[in-house]
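Read the figures in this text as sums done on the coordinates, not as results from a lab. Keep in mind the model is a prediction, meaning the values are calculated, not measured. A quick note on method: Cβ atoms are made from the backbone with ideal geometry, for glycine too, and the neighbour counts reach across all protein chains shown.
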């Protein structure tokens with residue numbers, strides 16, 4: 001099965017642009033930072049006009065509704081608001097409402113204890129989830145265990161390649177390690193390679209077996225420009241389906257520290273894994289800050 005291509009963005013106009021460029025999109029991921037960067041949100045913010053809490057939710061709903069209409073057969077990830085104090089009950093309340101926004105939603109939870117409690121419950125209710133801000137193999141193992149019994153396609157795990165590179169670790173190694181671990185266990189969870197910064201990240205994610213790659217428009221354009229010229233939609237999908245195009249790709253880690261593979265028992269209860277990670281905590285803080293910056297004090 002070929003790797004699927006998602007756009008990472010919060011602007012439906014960009015969705016249309018990439019659809020025109022590739023001829024297809026398999027899905028799109030959104031988050032609070034991307035919604036804050038939406039041109040309409042930025043214009044309102046620059047005029048000093050912030051949103052109420054209900055207005056920002058309505059705005060987010062309108063964005064993902066537009067995106068969903070453009071890629072009705074694809075997945076659209078919608079992220080719950082979470083800061084360090086958000087409870088599982090609060091996340092679930094948001095998730096249950098967001099599921100109603102569009103028919104093709106995956107709800108994004110942070111890969112923390114409360115995020116996994118929420119995901120475990122939502123999956124049991126028939127919901128689909130995307131566990132985000134993943135920076136360790138143990139976090140990916142916990143996602144598998146917490147969502148055991150879900151159908152393939154219902155659960156994504158999102159390792160952030162570029163942010164691991166930022167701290168001197170080879171983020172692409174995490175894709176490879178999770179792939180090996182999931183293959184050994186016969187996991188239902190699909191790997192969604194995120195925080196893609198370059199064509200090298202793109203090709204390494206393909207080479208290492210990511211089920212899905214989500215990338216900003218800039219990275220997708222860079223990858224597309226490196227493809228054989230004049231490929232049709234079917235030609236691009238054919239290129240993605242032929243592993244000879246990227247299986248032998250030699251990724252240059254440029255001196256980044258390798259991430260060693262860990263032999264983990266995925267039959268364990270997810271609560272037995274140490275899922276703490278500084279980058280997950282920082283990511284939650286960043287998303288919450290970007291979201292809160294748009295909201296006026298009532």
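Points worth noting:
- Every condition in (1) within 15 Å of residue 143 (Cβ to Cβ); (2) buried (at least 21 other Cβ atoms within 10 Å of the Cβ); (3) touching a residue at least 40 places away in the same chain (Cβ under 8 Å) is met by residue 185 except one, and the failing one is (2).
- Evaluated against (1) surrounded by 23 or more Cβ atoms within 10 Å (Cβ to Cβ); (2) under 20 Å from residue 152 (Cα atoms); (3) out of contact with any strand residue (DSSP E or B) (no Cβ under 6 Å at 6 or more places or on another chain), residue 29 falls short on exactly one condition, (3).
- Residues located in segment 68-78, provided they are surrounded by fewer than 19 Cβ atoms within 10 Å (Cβ to Cβ) and out of contact with any helix residue (DSSP H, G or I) (no Cβ under 9 Å at 6 or more places or on another chain): 72, 73
- Only one of the listed residues (7, 25) is in contact with a helix residue (DSSP H, G or I) (Cβ under 9 Å, 6 or more places away or on another chain), touching a residue at least 24 places away in the same chain (Cβ under 8 Å), under 30 Å from residue 234 (Cα atoms) and not in a loop (DSSP other than H, G, I, E, B). That residue is 7.
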